[in-house]
Amino acid sequence: MKGLYISNLRPKKSTGYNSKVIGQIRGMMTYGLEVELISFSDNDQVIIRKFEHKEIIEELSVGLDIDNSSMIFYRRLLLDTAFTRIQKGDISFLYIRYPRADPLYLLFLHKVKQKYPKIIIICEFPTFPYDQELLKMRSMKIFLIQVLDIFTRPFLKCFIDRAVVINYEDSVFGIESLNISNGISVSEYTARNWESADLAGDLNLLGVAN
């Protein structure tokens, strides 16, 4: 079974996300799934990454590097690229990192379900509920994003088969949810071998999160 992972996060504005997304894909591959990733590169191009044995074997750039383009431009480029890839066939499921709902997003989901009804659509909500987060961001841009999301998200249940939520067990906007935990790919890290002398005194730990 082959799937397409779609992430709208841009590395310039969301540092550290790449390792999590790649870790999720490697986890899926552990269970025998083939997954391709459509996301943004460091220079804001849309890229398609193909994996084999959990490693990136091919990276294709799509679109131009255009500075100061609108959010609508980037979102449309990402979704159009994803739909073009779906049209080539062999995709059984989509795993989408939730980008906030808007008419463009609903149109994309509608086109997929209308032309490829057998494709399973799974949407991950990294934070839920999230309205309080947006309320803290006082800008006209964030306000418009929130308004569009509030008016369009009730229609998500018409297209999304399952919602994936971190530490949340209820349905999401009427969509049956799958509860997962946040974490890392443990197999990619090795434990440090501490000598007993290292722990003779106090051990001070510092946790840093963004």
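General remarks:
- When residues in the range 143-181 are screened for being farther than 23 Å from Tyr17 by Cβ, hydroxyl-bearing (Ser, Thr, Tyr) and open to solvent by 20 Å² or more (accessible area, probe 1.4 Å), 1 of them pass.
- Ile184 falls short on exactly one of the conditions (1) surrounded by 12 or more Cβ atoms within 10 Å (Cβ to Cβ); (2) touching a residue at least 24 places away in the same chain (Cβ under 8 Å); (3) aliphatic (A, V, I, L, M); (4) touching a helix residue (DSSP H, G or I) at 6+ places or on another chain (Cβ under 7 Å), and that condition is (1).
- Figure legend. Inter-residue proximity from the range 140-153: first residues in contact (Cβ under 8 Å) with a residue 12 or more places away in the chain and within 14 Å of Ile72 (Cβ to Cβ), second residues open to solvent by 30 Å² or more (accessible area, probe 1.4 Å) and outside any helix (DSSP H, G or I), beta-carbon distance below 7 Å, spacing 6+ or different chains. Indicated pairs: Ile145/Arg100.
- Residue within the range 21-37 that is surrounded by fewer than 18 Cβ atoms within 10 Å (Cβ to Cβ), at pLDDT 75 or above and either in contact with a helix residue (DSSP H, G or I) (Cβ under 6 Å, 6 or more places away or on another chain) or among the acidic types (Asp, Glu) (or both) present: yes
- Selection status of Asp170, within 22 Å of Ile25 (Cβ to Cβ), part of a loop (DSSP other than H, G, I, E, B) and of a type in the set (D, E, K, R): no
- Qualifying positions in the range 71-84 - under 23 Å from Glu34 (Cα atoms) and touching a strand residue (DSSP E or B) at 6+ places or on another chain (Cβ under 6 Å): Leu78, Thr81, Ala82
- 1 or more residues modelled with pLDDT of 90 or more and surrounded by fewer than 17 Cβ atoms within 10 Å (Cβ to Cβ): qualifying strands (runs of 3 or more DSSP E) within the range 44-110: none
The values are calculated or read from the model by the stated rules, or taken from the named source; none is laboratory data. In this text, all values refer to a predicted model and were calculated from it rather than measured experimentally. So basically every Cβ, Gly included, is an ideal-geometry build from the backbone, and we count neighbours across all protein chains shown. Each accessible area value is taken on the protein alone, full model and side chains, heavy atoms only, with ligands, DNA and RNA left out. Shrake-Rupley method; radii C 1.70, N 1.55, O 1.52, S 1.80 Å.
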